[in-house]
Amino acid sequence: MNIQQLIDDIAADVRPYLAQAAPADYIPALAGEDPQQFAMAVATLDGQLYATGHSDKRFSIQSISKAFMLARVLAVYGDALWQRVGKEPSGNPFNSLVQLEYEQGVPRNPFINAGALVVTDIALSQIGDSSSALRDFLREESAQPALDFDYVIAASESEHGHRNAALAHFMKSCGNLHNNVDQVLAHYFRACSLRMSVTELARAGLFLANHGASPVSGVQRLTRSQAKQINAIMLTCGTYDAAGEFAYRVGLPCKSGVGGGILAVLPGKMSIAVWSPGLDSRGNSLASLEALDRFTTRSGESVF
Ligand SMILES: NC(=O)CC[C@H](N)C(=O)O
């Protein structure tokens, strides 16, 4: 398979979709991204890196940070995590409040916002400065020491983050947040604001493709079994209430973010990152989904 040719063709094919979607506007600092941008990168376990489009442009990774934060917390805290958050698909939007009250403040999974707030809370208790630890982790895993937060985006989200604050306060009232609510929210928003390019993201995802062992840093980040667990949760919950459609069309564990990025993992082979800021109605990048669908369909590669 000629991966470079394939992703160049895909970049051309998805161009019509770029005009059909708009960036997230509930975080005002994200709304200004030009929706005509598209980038895709593939990092393989045999050390190759392929890229097309605006592949050096850094964007806000938003909820893709949830996959890395979960990896950090699972590594240090282990299965005790699952007493505080579930691992079932929610079937609801990522910022939904309604299920949380029925289920006594225990979020369905770590990839909806409520679940990520709990994971952040555990990270604060176990690791300390959870957002800086995540930034340092991603600097190592992308071999890019200059990666950083976007403080403007973090502040914009903090100012408008009333839903996340509602989720966090509700969970605090149920006893499922142990740290100060404002502190948890600040670390969560900062982690979401991290800026990375698709090439950096594809490289950073390689430890998930390589059964927990990072070919970039040389560190065993997760056990083989934990890497399988995270990939499984990405497949079933990583794209919220579109996880069924992603499994059907793409057939890879994926984690999306409202910045327009999606990280996809083909265990044993490669990590793929796609970015285009325009979102569909469920908060996933429209062109990135189209690109991943074409990638697995044309290459015949998927977990199925
Ligand atoms: N799906 C997302 O990327 C959501 C992340 C965003 N920071 C939020 O909390 O709303």
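The values are calculated or read from the model by the stated rules, or taken from the named source; none is laboratory data. This is a predicted model, so every value here is computed, not measured. Here the Cβ positions follow ideal geometry from the backbone for every residue, glycine too, while neighbour counts run over all protein chains shown.
Residues in the range 24-74 that are of a type in the set (Ser, Thr, Tyr) and more than 30 Å from VAL85 (Cβ to Cβ): THR44, TYR50, THR52, SER55.
In this entry, LEU124 is excluded by the filter for residues that are within 11 Å of the ligand (Cβ to nearest atom), part of a helix (DSSP H, G or I), of a type in the set (A, V, I, L, M, F, W, C) and over 19 Å from ARG282 (Cα atoms). The residues in the range 277-288 that are under 15 Å from the mean Cα position of the chain (by Cα) and either away from the ligand (no atom under 14 Å from the Cβ) or in a strand (DSSP E or B) (or both) can be counted, and the count is 2. Taken together, the residues in the range 132-178 that are assigned to a loop (DSSP other than H, G, I, E, B) and touching a His at 6+ places or on another chain (Cβ under 9 Å) amount to 1.
The set of residues in the range 137-157 being under 29 Å from ALA80 (Cα atoms) and either surrounded by fewer than 14 Cβ atoms within 10 Å (Cβ to Cβ) or among the polar types (S, T, N, Q) (or both) consists of SER142 alone.
Of the residues making up the range 260-288, those that are among the polar types (S, T, N, Q) and crowded, with 18+ Cβ neighbours inside 10 Å are SER271, SER276, ASN284, SER285, SER288. Go through the range 24-65 and report how many residues are at pLDDT below 95 and assigned to a helix (DSSP H, G or I). Total satisfying the criteria: 3. Contact map, the range 210-222: residues that are without any contact (Cβ under 8 Å) to a residue 24 or more places away in the chain and more than 15 Å from THR44 (Cα to Cα) paired with residues that are outside any loop (DSSP other than H, G, I, E, B) and of a type in the set (Gly, Ala, Ser), Cβ distance under 8 Å, separation 6+ or inter-chain. Pairs shown: GLN220/ALA213.
When you look at ALA291, is it surrounded by 24 or more Cβ atoms within 10 Å (Cβ to Cβ), within 21 Å of ASP241 (Cα to Cα), within 14 Å of the chain's Cα centre (by Cα) and of a type outside the set (Asp, Glu), yes or no? No: the conditions fail for ALA291. Only one entry of ILE112, ILE7, ILE64, ILE27 meets the criterion of being within 13 Å of the ligand (Cβ to nearest atom), over 16 Å from the mean Cα position of the chain (by Cα) and among the β-branched types (Val, Ile, Thr), and that entry is ILE27. Selection of first residues in the range 165-191 that are within 15 Å of the ligand (Cβ to nearest atom) and of second residues that are aromatic (Phe, Trp, Tyr), restricted to Cβ pairs under 7 Å at least 6 apart or on distinct chains, gives the following pairs, ordered by first then second residue: ARG190/PHE149.
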